[in-house]
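Everything below concerns the one structure shown next.
The values are calculated or read from the model by the stated rules, or taken from the named source; none is laboratory data. None of these values were measured; they are calculated from a predicted model. Here the Cβ is made from the backbone with ideal geometry for all residues, glycine too, and neighbour counts use every protein chain on show. Side chains are part of the model used for accessible areas, which takes the heavy atoms of the whole protein and leaves out ligands, DNA and RNA. Shrake-Rupley method; radii C 1.70, N 1.55, O 1.52, S 1.80 Å.
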Amino acid sequence: MFDPAGARVTVMGLGRFGGGLGVTRWLARHGARVLLTDRADAASLSEPLHALDPFIGDGRVQLRLGGHDAADFRDADLVVASPAVPAPWDNEFLAAADDAGVSVTTEIGLAIQRLPDRARTIGVTGTAGKSTTSTMIARAIEAAGQQCLLGGNIGGSILEAIDDAPADTLAGAFVVLELSSFMLHWLGRDAWSPGTAVVTNIRPNHLDWHRTFEHYQASKRHIARHQHAGDALVAPADLWPDLNTPTRIDPRTEHPPPLRVPGAHNRDNAACALSAARTALGRFGIAMPAAASDAIAGFPGLPHRLEHVVDAAAAGGTVAFYNDSKSTTPEAAALAVDAVAERTPPDRIALIAGGADKGVDLAAIARLATRGVALCTIGATGPRIVDEARAAGGRAQHHGTLERAFEAATAHADVAGGAVLLSPGCASWDQFDHFEQRGDAFRTLAHRFAAARAAGAGGLRHA
């Protein structure tokens, strides 16, 4: 296990939203001399840098901003890279560390060394549904009377969470880690897999980073590739049948309860969560109580993930607004439409889609227009989605910005009463800093619309 006390550590990538904040803070608190380097300048990183002020002020953290210097990577005892560093296998600075014999890891790599028990660790990955499934699992385990830590790609620093947990609590705790393909690429170097591995689904994604679907899948497969005797993989039976694992469990044999959140995909997420919680608990002789299933049934959903924002009075009845800004794949957008269509006919749904281009096929979004959905596009991919939708015979119009698309979408849904759904199916980087900012902007527009209608149409239906 790496001992940070007195070590010279180069952290590559703070990120505008503090992706490297937790590990930098953890290293400094544990006595490391940290050099934090980022291509961005101080002005761009002002918010996360502010959180590091005490460590910068007393010299525990030094800064190299506006670019990297290979010497910082060669002269360190350890390099901690952001898992999202593009093409790390071709990165000249990480190569400099390798050539100098300096170990390179990530925050998740440091965290797995400090987990209370790998066998009690549940790792969750997949193209869609990771965060929801991870949270459902954690809720089920807590409902079974067990301590549980939740972290990884879902946000927050698992290193700091492990530090903050009392020793007697941590010793018997379960840990649920949401693991991205980037994280798993790096964990493959550590030959590490969790005791219970969960894969929700696999579709092409992040091809701008992985370059090929084959590389994307190879990274995902690390979640179960290095399992030990007694471990289990919870995944559809037809996914990676050639992957040798000690035990394979198909979550589709589960019968999830009626859920508060809509959609067949959420029922699939619930089945994965039930199966994973039952498997992890059962390994230690803990029966899963009915309360665990109830905890999953009552899960209200996560912010920006098919979040029901508000209902507003409309000319033709009611307009429901759904914020699914976390939808960054075409398949996720299609699943969101399917979920809303359980409550609203497709021809009364206005979908706002589009954004940054990750190099994936957008046909799944375009085809939604052929079901009667009014497709209002935004961002860099918007024109291409519209062209494909119209070629297939559907209704679609490119509006550029979220504000203009929102206006068009509400005009459509207002006529007969329906739903306005933000489910972009694309990343947010071209117009927003992150998907949360995009979702917050949509929320603001929806509440503003609802308030205006309440003032002139007898009030808000419910929120």
Need a quick list: helices (runs of 4 or more DSSP H) entirely within the stretch 367-459 having at least 2 residues that are touching a residue at least 60 places away in the same chain (Cβ under 8 Å) and in contact with a Phe, Trp or Tyr (Cβ under 6 Å, 6 or more places away or on another chain). 435-457
Please go through the stretch 86-98 and pick out each residue that is open to solvent by less than 50 Å² (accessible area, probe 1.4 Å) and part of a helix (DSSP H, G or I). 88, 93, 94, 95, 96, 97
Exactly one of 138, 143 is within 30 Å of residue 264 (Cα to Cα), touching a strand residue (DSSP E or B) at 6+ places or on another chain (Cβ under 6 Å), buried (at least 20 other Cβ atoms within 10 Å of the Cβ) and modelled with pLDDT of 95 or more, and that residue is 138
For residues that are assigned to a loop (DSSP other than H, G, I, E, B), charged (D, E, K, R) and surrounded by fewer than 24 Cβ atoms within 10 Å (Cβ to Cβ), tally how many sit in the stretch 306-325. 0
Answer with yes or no whether residue 205 is of a type in the set (S, T, N, Q), modelled with pLDDT under 95, out of contact with any Asp or Glu (no Cβ under 6 Å at 6 or more places or on another chain) and under 21 Å from residue 327 (Cα atoms). yes
Using the structure shown, decide if residue 120 is touching a residue at least 60 places away in the same chain (Cβ under 8 Å) and basic (Lys, Arg). yes
Would you check which residues across the stretch 66-113 are of a type in the set (Lys, Arg) and modelled with pLDDT under 95 and list them? none
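Residues checked against (1) open to solvent by less than 30 Å² (accessible area, probe 1.4 Å); (2) closer than 24 Å to residue 155 by Cα; (3) among the aromatic types (Phe, Trp, Tyr); (4) not in a loop (DSSP other than H, G, I, E, B):
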residue	(1), (2), (3), (4)
238	no, no, no, no
268	no, yes, no, yes
271	yes, yes, no, yes
296	yes, yes, no, yes
Residue pairs qualifying under the 7 Å Cβ cut-off, at least six apart or on distinct chains, with the first in the stretch 1-25 being open to solvent by 10 Å² or more (accessible area, probe 1.4 Å) and the second being among the β-branched types (Val, Ile, Thr), are 13/85
Quick one: would you say residue 37 is closer than 20 Å to residue 153 by Cβ, open to solvent by less than 30 Å² (accessible area, probe 1.4 Å) and of a type in the set (S, T, N, Q)? no
Any hit, the stretch 90-110, residues being in contact (Cβ under 8 Å) with a residue 60 or more places away in the chain and more than 24 Å from residue 72 (Cβ to Cβ): no
Look at residue 112 and say whether it is crowded, with 19+ Cβ neighbours inside 10 Å, farther than 20 Å from residue 18 by Cβ, in contact with a helix residue (DSSP H, G or I) (Cβ under 6 Å, 6 or more places away or on another chain) and not polar (S, T, N, Q). no
Identify, please: which residue in the stretch 146-161 is in a loop (DSSP other than H, G, I, E, B) and in contact (Cβ under 8 Å) with a residue 60 or more places away in the chain and is, among those, least open to solvent (accessible area, probe 1.4 Å)? 157
Given the criteria open to solvent by 30 Å² or more (accessible area, probe 1.4 Å) and in contact (Cβ under 8 Å) with a residue 12 or more places away in the chain, does residue 127 qualify? no
Scanning the stretch 284-294 for residues that are crowded, with 16+ Cβ neighbours inside 10 Å and either among the charged types (D, E, K, R) or in a helix (DSSP H, G or I) (or both) gives 292, 293
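So that you can scan it fast, the table gives a plain yes or no per residue for (1) modelled with pLDDT under 95; (2) small (Gly, Ala, Ser); (3) closer than 30 Å to residue 212 by Cβ:
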{"residue": "369", "(1), (2), (3)": "no, yes, yes"}
{"residue": "410", "(1), (2), (3)": "no, no, no"}
{"residue": "415", "(1), (2), (3)": "yes, no, no"}
{"residue": "426", "(1), (2), (3)": "no, no, yes"}
{"residue": "454", "(1), (2), (3)": "yes, yes, no"}
{"residue": "457", "(1), (2), (3)": "yes, yes, no"}
Selection from the stretch 246-256 of residues that are open to solvent by 30 Å² or more (accessible area, probe 1.4 Å) and either in contact with a Leu (Cβ under 9 Å, 6 or more places away or on another chain) or assigned to a loop (DSSP other than H, G, I, E, B) (or both): 246, 247, 248, 249, 250, 254, 255, 256
